Amino acid sequence: MQPKLIVHGGAWNIPEEYVADHISGVRRAVELVFPQLDSGLSALAAVEAAVNILEEDPTFDAGRGAFLNEKGEIELDALIMDGRTLGFGAVAALQNILHPVSVARKVMEQTEHCLLVGKGALEFAKKMGFTELPPEALLTERELAFFQTIKNDATFRTHQPFDAFPMDTVGAVAMDCNGNFAAATSTGGTARKLAGRVGDSPIAGAGGYADNELGAVSATGWGERIMQVLLSKTVCDLFARQEAMMAAQAGIGILAKKVNGLGGVIGIDKNGRYGLAHNTPKMAYAYVEKKGVTAGIQA
């Protein structure tokens, strides 16, 4: 089968000064990973590799460049899911690790569990050979400056589509040469979130979902509302009876109608068709077509 790969760099607002970085970031992830996928790399390895690239990029709210919580700390969440088995691994409130999505894969493959959190997740990561970094290794000047402006603002809400700053959870969905699907999502969560807050990203069915009989999806946006409708699973179920783009749009419609939610999705249906939709001001995306990589900001 012809492999497919699509990634997102967050659905919220993306101010003009950050647009070029978002487009180049998601394009780079696809351009580096798709040739490997086309040469036989598994869908699972492809989504991990693509998200790793985005976690390293300080443009996005994942890994390096993540938002700070109310205490001025970085807590990271991630999920990876294998459509062949419905197996998944996830971590939440993980500190001081650059690639939480890779720790999530280790949870799936090396333990009997699906989700590890906080200090336990960090201890597991170190046991698996991941390097614990000093907090400043993940902190950017941009995020620190933004935190200083909002830390004492009583009117600030983590879900408002404010004009001054983007929200940039990252994700990837792939179909490999064997027709297997995988999805991965990684985030630093919302700005000035309560310590220990966990959003949709590490929750199977909410932040991501993959099932070889349906396809795969990664979600981004207002996590509390995305969890309420299990957005990724909802869109995957819609793949059974709708073309991918229509299913993605219908899923966002459900998010908005049922819980007044804000967010976006990317996906690939069982026939290898791409879907993407959002109801936030913008969403960054990139995917592979026969003519090459398409990347941009959907408004």
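Descriptive notes on the structure:
- Each part reduced to its alpha carbon centroid, segment 94-112 and segment 251-295 end up 26 Å apart.
- Site pair residue 126 and residue 291 shows an inter-label distance of 5.2 nm when each label is modelled 7 Å from Cα along Cα→Cβ.
- In order along segment 261-276, the Karplus-derived 3J(HN,Hα) couplings, from 6.51 cos²θ - 1.76 cosθ + 1.60 at θ = phi - 60°, round to x, 10, x, x, 9, 10, x, 9, 7, 5, 9, x, 8, 7, x, 7 Hz, and Gly and Pro are given as x.
- Per-residue Cβ neighbour rank within 10 angstrom, fewest leading, 283, 175: 283, 175
- In terms of its alpha-carbon gyration tensor, segment 141-299 comes out prolate; a/c meets the 1.5 threshold, and the first ratio a/b outweighs b/c.
- Sorted by Cβ density within 10 Å, fewest first, the residues 241, 105, 64: 241, 64, 105
- Alpha carbon centroid spacing (whole Å) that separates segment 14-73 from segment 181-247: 17
- The relative contact order of the chain comes to 26 percent, based on Cα pairs under 8 Å that sit 6 or more residues apart.
- Working note: Karplus 6.51/-1.76/1.60 with θ = phi - 60° gives segment 97-110 the couplings 10, 5, 10, x, 5, 6, 5, 4, 5, 5, 4, 5, 8, 10 Hz, where Gly and Pro are set to x.
- With eigenvalues of the C-alpha gyration tensor scaled by 5 and rooted, the chain, Å: 26, 21, 18
- Listed residue (65, 249, 121) projecting farthest to the positive dipole end of the chain, Cβ model: 249
- Label-point gap, in nm, between residue 298 and residue 145 - each point 7 angstrom along Cα→Cβ: 3.1
- Exposure proxy ranking for 26, 19, based on other Cβ atoms within 10 angstrom of each Cβ and starting from the fewest, stands as 19, 26.
- Taken about its Cα centre, the chain carries a charge dipole of roughly 560 debye when the Cβ of each Lys and Arg holds +1 and the Cβ of each Asp and Glu holds -1.
Laboratory data are not the source of any read-out in this text; all were calculated from the coordinates shown. None of these values were measured; they are calculated from a predicted model. A quick note on method: Cβ atoms are made from the backbone with ideal geometry, for glycine too, and the neighbour counts reach across all protein chains shown.
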